[in-house]
Amino acid sequence: MKVYIVGIGMDGRNTLTREGWKAVTEAELLIGAKRMLAPFAELGKETLCSYIPQEIAEALRSCGKDTAAVLMSGDCGFFSGTKKLLPLLGDYDTETVPGISAAAYLCAKTGISYEKMKFVSLHGQNGNIAVNVMMNEYCFFLLGGEMTAAGLCSRLAAYGLPEVTVHIGEELGYEGERIVSGTAGSLRDGSFGRLAAAVVYNPQFIGHIPSAVSDGSFIRGGIPMTKSEVRCIAAAKLDICSDSVVWDIGCGTGSVSVEAAYRCADGKVLAFDRNAEAAELTRKNAAAFGCDNIIVQEGECPAVLAGAEPPDKVFIGGSGGNMKDILEAVYRANPKADIAAAAVSLETLRDTAEAFGQYGAECEVTQIAVTRTERIGAHTMLRAQNPVFIISGRLS
């Protein structure tokens, strides 16, 4: 059986390639979502309305046809169901026919090059928006589901990015096509359809992963804060990946959460603190730094950790004397998680090392002593900061 997987472009008509049309006309059976099948109704082909890979694979096994075409929106290699379907079709002669993606189409319409663009799918999910815009000059967002174009603009405005330029394309390729451009702040109250995509331009993007962010850049309160040099080393010890799930336990002002959030722009930071002021400060700093991938939870550890998404990386900035119980919670969630804990007292250092020892794990201890300069009159003086121990390792 020959199975074509066809990217039909925007509408299946004007943006369908000649190769795609040939595959569709040769197929005895057409499979796809209702919107995908509609442009080909006049061909009189037998059709099956489905977009679920397992259902499609089962239908192909039982259809008794020699040729079939599975229709995919846009391009088969761009946020497409093709990725999940192909592994289920190992016994068939399959051919993937590329199409025009929503990104290529919208960028062509707006005259924007997409060679260095960050692509994010929000289709049916609530992903990271502001943090990606903070770190990239251009971002493309595939919308749909809960996140609308207006919602995207509202998120950007709420996280300190109201002036970035947003190009919104709705019903691309169809008669109702509309492309609207403006700032995120001006478009957040607009009315847009759910079949939409957006390109965001931020000329003030960061362009690097911030490390050792200046202490004075954070909103401060009466809550202790992990100083820049310490958080820089702690984040480096964790080797945070772009899609990591990070726990920041005892988040305080959220300074570590912010630096971790920039490192995992495709992941998330779960920030925990028992102090209401600390939790609120972390929320404020997350908004100020454009880190919408920080999720703050107020509560006592380790109880508040129960049920949280398992972490890949864990920073413990404050244990409240519950270090052993916290490490037990981490172990239950993911025994292979990388851990870095900060200790300013010998007692905390001892408790943390002993807690690692309970799992037969060795930990590395690094002592950091920072001295900063301070100008007093005509002289430059040295002011020593409190020494800090970083205890890092893995429990398994």
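Only the coordinates and a few stated rules stand behind these numbers; no lab work does. Computed from a predicted structure; not experimentally measured. Note that each Cβ is placed from the backbone with ideal geometry, even for glycine, and that neighbours are counted across all protein chains shown.
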Are there chymotrypsin sites (Phe, Trp or Tyr not before Pro) in the range 258-290 that DSSP marks as loop and that have at most 16 other Cβ atoms within 10 Å, and which are they? none
Computed label-point distance, nm, for sites Arg18 and Lys84 using a 7 Å Cα→Cβ extension: 3.5 nm
Kindly provide the GluC sites (Glu not before Pro) of the range 265-334 that DSSP labels as loop, not H, G, I, E or B, and whose Cβ sees at most 13 other Cβ atoms within 10 Å. Glu300
Helix axis angle, 228-238 relative to the chain longest principal axis, alpha carbon, degrees: 50 degrees
With a bin width of 5 angstrom, please list the P(r) values of the range 190-255 as percents of all Cα-Cα pairs, from the 0 bin to the one holding the largest distance. 3, 11, 17, 18, 15, 11, 9, 8, 6, 1
Likely footprinting exposure, Ser50, Ser181, fewest C-beta neighbours within 10 Å first: Ser181, Ser50
Rounded to whole Å and ordered largest first, report the semi-axes of the equivalent ellipsoid of the range 145-242 derived from its Cα gyration tensor (root of 5λ). 37, 15, 12
Distance between modelled label sites at Val180 and Asp243, nm, 7 Å Cα→Cβ extension: 3.3 nm
So what's the gap between the Cα centers of the range 143-157 and the range 113-136, to the nearest angstrom? 12 Å
Near Val120, within a Cβ-to-Cβ distance under 13 Å, what is the net charge of the other residues, with Lys and Arg +1 and Asp and Glu -1? -1
Positive-end residue, the chain charge dipole about Cα centroid, Cβ charges, pick of Val213, Ala157, Met1: Val213
Residue separation times 0.36 nm, minus the C-alpha to C-alpha distance between Tyr359 and Arg383: what's the value? 4.7 nm
Extent along principal axes [Cα atoms of the range 49-92; Å; largest to smallest]: 30, 19, 16
Max mean-square fluctuation residue, GNM over the chain, Cα-Cα springs under 10 Å, options Ile376, Ile294, Ile112: Ile376
Report, in whole Å, the centroid distance computed from the Cα atoms of the range 221-283 and the range 79-97. 40 Å
Ascending count of other beta-carbon atoms within 10 Å, so fewest first, for His123, His167, His208: His208, His123, His167
Which values of log₁₀ I(q)/I(0), to two decimal places, follow from the Debye formula for the chain at q = 0.13 Å⁻¹ with a uniform point scatterer at every Cα? -1.04
With the crude spin-label approximation of a point 7 Å out along Cα→Cβ, what separation in nm comes out for Glu146 versus Thr25? 4.5 nm
Where in the range 103-208 are there GluC sites (Glu not before Pro) that are in a DSSP coil and have at most 12 other Cβ atoms within 10 angstrom of their Cβ? Glu115, Glu146, Glu175
Per residue of the range 87-103, in order, report the coupling 6.51 cos²θ - 1.76 cosθ + 1.60 (Karplus, θ = phi - 60°) as ³J(HN,Hα) in whole Hz, putting x for Gly and Pro. x, 8, 10, x, 8, 10, 7, 9, 9, 9, 10, x, x, 8, 7, 4, 5
What share of all Cα pairs of the range 103-201, in percent, falls into each consecutive 5 Å distance bin? 3, 15, 28, 28, 20, 5, 1, 0
So what are the range 2-100's ellipsoid semi-axes, whole angstrom, largest first, if each one is the square root of 5 times an eigenvalue of the alpha-carbon gyration tensor? 18, 15, 12
Of Lys45/Lys84; Lys83/Lys268; Lys84/Lys116; Lys84/Lys118, pairs whose Cα-Cα distance is over 28 Å: none
Pop out the ³J(HN,Hα) list for the range 73-81 in order, Karplus 6.51 cos²θ - 1.76 cosθ + 1.60 with θ = phi - 60°, rounded to Hz; leave Gly and Pro as x. 5, x, 10, 5, x, 10, 6, 10, x
What does the convex hull of the Cα atoms come to per residue for the range 246-396, in Å³? 123 Å³
Given a Förster distance of 45 angstrom, what is the FRET efficiency for Phe119 paired with Ala369, based on the Cβ-Cβ distance and rounded to 0.05? 0.55
Gaussian network model of the chain, Cα within-10 Å springs - most flexible of Ala260, Ala340, Ala276: Ala276
